[in-house]
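Below is one structure, written out as structure tokens, with a few remarks after it.
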Amino acid sequence: MCGIVGAVAERNVVEILLEGLKRLEYRGYDSAGVALLQSDGSLTRVRRTGKVQELVDAIGEDEALGSTGIAHTRWATHGGVTEANAHPHVSDERIAVVHNGIIENYQTLRENLSAKGYRFTSDTDTETIAHTVNEAMKTAGSLLEAVQQAVTQFHGAYGTVIMDKQDPSRVVVARSGSPLVIGLGLGENFIASDQMALLPVTRRFIFLEEGDVAEITRRSVTIFDKQGNEVEREVIESNIEHDAGDKGGYRHYMLKEIHEQPTVVRNALQHRLDEKGLVADVFGSGADALFEKVKHVQIIACGTSYHAGMTARYWLEQYANVSCNVEIASEFRYRKSVVHENSLLVTISQSGETADTLAALRLAKELGYMASLTICNVPGSSLVRESDLSFMTRAGAEIGVASTKAFTTQLTAFLMLTLALGKYNSMSASDENAIVQALHSLPAKLEETLTITQGIEDLAEEFADKHHSLFLGRGDQYPIAMEGALKLKEISYIHAEAYASGELKHGPLALIDEEMPVIVVAPNNELLEKLKSNVEEVRARGGIMYVFADKDTAFASDDTMRVINVPHCDAPIAPIIYTIPLQLLSYYVALIKGTDVDQPRNLAKSVTVE
């Protein structure tokens, strides 16, 4: 993985491919490359490690031309970050391939192909695709037939685009576990791993389904399902707006997206919540009738989305009186689990393409869950298409790899789900009213919370020489502490751990000294006195505390404790509010550390492989 762009046209497609790669840079990558075919049968390939601009500069020097081409940004899985391992990969200077995913049986394929005389020039699993298709061309009547034969040999995940130097009029694509979308033009057609890459050239898209193979020419798109039958897929008109070059005056996308949170939360609530509560069927047609039967919720997610699910468990059980389990998708899919009666499966993903979450959804369907709901930010994504119900978070394009606004809109969605399920599970009128009023106040409270930025920026300077940190929270603030620790490690590369505050005596206190900053989230709630005791335990052992506290909690700064006052908020939305200062802290610490805030090392925005 990470980003794919392809085109078949009459015009030179180099600029289209490069612009597409630029629009996918936010996903994270370590090298980039392009391969071009011309009508005279020549194949040009240019690859570079580093940023897409390195590739742009190299292509400018070569004056590369081509009306059919494929391009890729790579996030290393098999083999190091070298030009030889960058995509596209070729076989006999004829077959060119780009690929997202992992071919799990690549070693066996490699050995078999080497025995047939194929020479490997990279350490990647992707090169086996090129050679396997080339071998199939010996008996197949076309590139399409060769790809259809080849994919039967691949075990694992792939979204791949293949072209043949001897037939520059077409490309063939195949999808299994890794997303691909076809963009439809006039006398030209396109392919990408994300529709964002193609917005400058088309708004009409076809999302390939699992197992699809498609042949794309300038004037036609022919799709075959996993059984080899020709099929029609729905054409979707996209209304997504995204300018990959617009930071809106902010230094980084992440800071812009932190400050967009009041607006996107308003968008998430709009036309879904009135003064009385939720409007009917905000989770989809027939959702209310289904929710009436729900007695248990199983949440599946990864990373930041997992922390949103952990927070939701507190809300669902406290307010909606519905039992709830939360599990990391990569664990759920590889263990035997028991399905509760009348259980709703809820998946969460910013992209809707997270490989482990998508695989968990497919497994859950086999296990017999009553229904599935996805909370997602991308219409038309695989999770949305394959779930019974979907709820769009309306966060807009999130470019920074470290998720911010996607997380707060996920939490907002879960509070609405709590209302929807609580309606049928004896939620008290007072709790319902409290959540409704808190949600109405949420955008304004987020705006108010963002006014404490300067204090956090000043505090971040104390982290300049730190290499470790500890985050503490109690109750529904525990997963928020986990999210704060994740943000800090993601973009500043400071080792960070999070604990439920009550766990301090069970090991973490051994870590406390004057070099270990301890970050605490302290809203004014029923657990405050317990939390204060935990703070004193740290101070008694020489720890330096950084406390984000409600102004009414009576925390005061001194030589061992720095206190940032957070605006008072109602209990149901406190986890969302206290997320903001932790996001800002990680951002300003990363600035001081001099890291790449928007594209941190080793990370990708959309994790489409295991």
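The values are calculated or read from the model by the stated rules, or taken from the named source; none is laboratory data. Just so we're clear, the structure is a prediction, and the values are computed from it rather than from any experiment. Don't worry about glycine lacking a Cβ; one is built from the backbone with ideal geometry, like all the others, and counts go over all protein chains shown.
Return yes or no: is Ala522 buried (at least 19 other Cβ atoms within 10 Å of the Cβ), in contact with a Phe, Trp or Tyr (Cβ under 6 Å, 6 or more places away or on another chain), closer than 22 Å to Ala549 by Cα and in contact (Cβ under 8 Å) with a residue 24 or more places away in the chain? Taking the combined requirement at face value, the residue does not satisfy it. Among the candidates Asp274, Asp281, Asp246, Asp288, the residue that is surrounded by fewer than 21 Cβ atoms within 10 Å (Cβ to Cβ) and not assigned by the TED database to the domain that holds Ser428 is uniquely Asp246. Candidates are the residues of the range 129-158 that are assigned to a loop (DSSP other than H, G, I, E, B) and within 32 Å of the chain's Cα centre (by Cα); the one that is surrounded by the fewest Cβ atoms within 10 Å (Cβ to Cβ) is Thr152.
Scanning the range 476-517 for residues that are in a helix (DSSP H, G or I), more than 26 Å from the chain's Cα centre (by Cα) and in contact (Cβ under 8 Å) with a residue 40 or more places away in the chain turns up just one, Leu511. Among residues of the range 351-378 being touching a residue at least 60 places away in the same chain (Cβ under 8 Å) and part of a loop (DSSP other than H, G, I, E, B), the one that is surrounded by the fewest Cβ atoms within 10 Å (Cβ to Cβ) is Met370.
The conditions are (1) of a type in the set (Gly, Ala, Ser); (2) under 28 Å from Asp246 (Cα atoms); (3) in a strand (DSSP E or B), and Gly20 fails exactly one of them. Which is it? Just one mismatch for Gly20, condition (3). Applying the condition of being modelled with pLDDT of 90 or more and of a type in the set (Ser, Thr, Tyr) to the range 1-52 and asking which residue is nearest to Asn189 (Cα to Cα) yields Thr44.
When Lys489, Lys530, Lys551 are checked against the criterion of being at pLDDT below 80 and surrounded by fewer than 22 Cβ atoms within 10 Å (Cβ to Cβ), a single residue qualifies: Lys530. Here's a check for you: in the range 83-125, which residue that is basic (Lys, Arg) and surrounded by fewer than 16 Cβ atoms within 10 Å (Cβ to Cβ) is nearest to Gly69 (Cα to Cα)? Filtering the range 83-125 for residues that are basic (Lys, Arg) and surrounded by fewer than 16 Cβ atoms within 10 Å (Cβ to Cβ), the one nearest to Gly69 (Cα to Cα) comes out as Arg119.
Is it the case that Ala308 is buried (at least 24 other Cβ atoms within 10 Å of the Cβ) and among the hydrophobic types (A, V, I, L, M, F, W, C)? Criteria met by Ala308. Would you please name the residue that is surrounded by the most Cβ atoms within 10 Å (Cβ to Cβ), looking only at residues in the range 452-486 that are of a type in the set (A, V, I, L, M, F, W, C) and over 18 Å from Thr304 (Cβ atoms)? Looking at residues that are of a type in the set (A, V, I, L, M, F, W, C) and over 18 Å from Thr304 (Cβ atoms), I get Leu472. Being in contact (Cβ under 8 Å) with a residue 24 or more places away in the chain and hydrophobic (A, V, I, L, M, F, W, C), is that true of even one residue in the range 112-125? No, the range 112-125 has no match at all.
Residues in the range 419-465 that are free of Cβ contacts under 8 Å to residues at least 60 places away in the same chain and among the charged types (D, E, K, R): Asp458, Asp465. If we scan the range 67-81, do we find a residue that is modelled with pLDDT of 90 or more, over 22 Å from Lys165 (Cα atoms) and aromatic (Phe, Trp, Tyr)? Within the range 67-81, not a single residue is modelled with pLDDT of 90 or more, over 22 Å from Lys165 (Cα atoms) and aromatic (Phe, Trp, Tyr). Of all the residues in the range 425-445, those that are under 26 Å from His296 (Cβ atoms) and of a type outside the set (S, T, N, Q) number 9.
No other residue among Thr404, Thr409, Thr357 is over 13 Å from the mean Cα position of the chain (by Cα) and closer than 30 Å to Arg203 by Cα apart from Thr409. Among residues of the range 95-128 being in a loop (DSSP other than H, G, I, E, B) and acidic (Asp, Glu), the one that is nearest to Ala157 (Cα to Cα) is Glu104.
Can you tell me which residue in the range 159-195 is surrounded by the most Cβ atoms within 10 Å (Cβ to Cβ), limited to those that are free of Cβ contacts under 8 Å to residues at least 60 places away in the same chain and over 19 Å from Leu358 (Cβ atoms)? Restricting to residues being free of Cβ contacts under 8 Å to residues at least 60 places away in the same chain and over 19 Å from Leu358 (Cβ atoms), the top hit is Gly183. Residues being in a helix (DSSP H, G or I) and in the same structural domain as Ala268 (by the TED database) are represented in the range 331-346 by at least one member.
For every residue, the table says whether it meets (1) outside any strand (DSSP E or B); (2) closer than 30 Å to Ile435 by Cβ.
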{"position": "Met196", "(1), (2)": "yes, no"}
{"position": "Pro200", "(1), (2)": "yes, no"}
{"position": "Gly211", "(1), (2)": "yes, no"}
{"position": "Ala214", "(1), (2)": "no, no"}
{"position": "Arg219", "(1), (2)": "yes, no"}
{"position": "Gln227", "(1), (2)": "yes, no"}
{"position": "Ile236", "(1), (2)": "no, no"}
{"position": "Asp246", "(1), (2)": "yes, no"}
{"position": "Thr263", "(1), (2)": "yes, yes"}
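Just the residues that are touching a strand residue (DSSP E or B) at 6+ places or on another chain (Cβ under 9 Å) and of a type in the set (D, E, K, R), please, taken from the range 518-551. Across the range 518-551, the qualifying residues are Lys532, Arg539, Asp550, Lys551.
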